[in-house]
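See below for the structure under consideration.
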Amino acid sequence: MQKKIYKAHILYTKEPGRFEVIENGYVAVGADGRVTGVSADLASLDSEDAEVTDFGDRLLIPAMNDLHVHAPQYRNQGIAMDLELLPWLQQYTFPEEMKFADTGYAERMYRRFVRDLWRFGTMRACVFATIHTESTRLLMRLFQEAGMGALVGKVAMNRNCPPGLMESVDEMVKGYEEVIKESSSLPLSPSTLQPLVRPIVTPRFVPSCTPEMLRACGELAAKFQLPVQSHLSENKDEIAWVQELEPESTSYGDAYDRYGLFGQTPTVMAHCVWTEGEELELMKRRGVVVAHCPTSNFNVASGMAPIRQFLDEGLRVGLGSDISGGHDLSIFRMMVYAIQVSKMHYQQNHERSFLTLSEAFWLATKSAGSFFGRVGSFEPGYEFDALVIDDADLNHDNYSLLQRLERYIYLGDDRQIEHRFCRGKAIECII
Ligand SMILES: [Zn+2]
């Protein structure tokens, strides 16, 4: 890839408390897709042999990262919102996921899912697939074809679900080995970077996995040094059920930890609505990342995760759409919901302030991006994942650059995203 320089109004967050804003600035991107410099002054950047692209009055911001989403639930987006978590799984989610035994059906749904992630500017995602190995491999190939980054999880489950969604421990391990082979057969990236598409060990949640299944998942993560994703402390009935199933555990998090699934390798846990006390301390010690999914928590009536408290305590947090518990694939909209949830906490207790826009933006970009490597910022060394926003239709008066970004986050959608980049490469429409 040739060295490139992009000119636009640049906005990003190095730290949660404030935006970096460079009017008519430049970002230089090296041949390996990483940022080599960002400045208001072209002469200060290594511009020799670089191709310069001028995006004029548009905004250039880091691309979005979705830390928790279920690809096979895409058909159910925006429907089936009348139940709480456990009956919702049984009545709506499991029957849909069973259809992914058919790779033809999977391809139709997964293509639409990957295209819509692209549409909304999400260039990296932690994705749950289903138990089905072939469909999971297919989903990995679709991300690879698109040039987008993803950690894709073949889901492990062998209890409390319909027979069509159960696998023996041996079948699960064998399937994972095939998925890992798929990953190593995908085209290699520049040697210093991780492959863009990789597997992630994905026990659905403790109630879906016997102790043997959880143990095998922990062993896979350790053996192949794979990251881990699952669900944690989403709903009070779920937490009580986990305590029944794993009576020796001292918390839901501890039930994962006992099997090597809680930070022994990089781990992201969705929801954490009711995480507190010992579980919170364990997450801190182990560096477990929280995927905050505010719309899902509302829709499935789970509660409101205390994100301000998590940040005060030093936990790493990112945002997740959690389709189809969540109904909205846009991570921009997730920033708005995260701010609104924190304001509801603030209404109840003024001791902790609510999230600011720069904090929400940082959660979605640099904080969430850290789960994929050096992703989510324009600081030198970061992979150039970026969006070019043409907000002319929203910018009908003398708004400042920060106000323009705020209006885009609150009012914009995919129509204003003009260009998308992942690891330095322009990602064009994939379907
Ligand atoms: Zn989920």
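Read the figures in this text as sums done on the coordinates, not as results from a lab. Only a predicted model underlies this, so the values are computations on that prediction, with no experimental measurement involved. Note: ideal-geometry Cβ built from the backbone for every residue, glycine included; neighbour counts use all protein chains shown.
Miscellaneous remarks
- Taking Lys and Arg as +1 and Asp and Glu as -1, the other residues whose beta-carbon sits under 10 Å from that of Gln73 total -2.
- Fraction of beta bridges assigned by DSSP in region 1-113 that are antiparallel (%, nearest 5): 70
- Rel. contact order, % - alpha carbon contacts under 8 angstrom, at least six apart, the chain: 21
- Annotation: lysines with alpha-carbon distance below 21 angstrom to Lys4 (same-chain offsets under eight excluded): Lys425.
- Judged by the mean number of other Cβ atoms found within 10 Å, the most tightly packed of the peptides 106-118, 162-174 leads the ranking 106-118, 162-174.
- Principal-axis tilt of helix 211-224 within the chain, Cα atoms, nearest 10 degrees: 40
- With Cα atoms, 0 to 90° folded angle of helix 236-245 axis to the chain main axis: 50
- Among beta bridges from DSSP that stay inside the chain, the antiparallel ones total about 40%.
- GNM on the chain, alpha-carbon springs under 10 angstrom: the most fluctuating residue among Ala392, Ala146, Ala156 is Ala392.
- Taking the C-alpha atoms only, the angle from helix 103-119 to the longest principal axis of the chain is near 40 degrees.
- Rh (Kirkwood; distinct C-alpha pairs) - the chain, Å: 21.8
- Net charge, Leu42 excluded, C-beta distance under 11 Å - Lys, Arg +1, Asp, Glu -1: -2
- Residue-averaged [θ]222 nm for the chain, counting only DSSP H segments that reach four residues, each worth -39500 (n - 2.57): -10000 deg cm²/dmol
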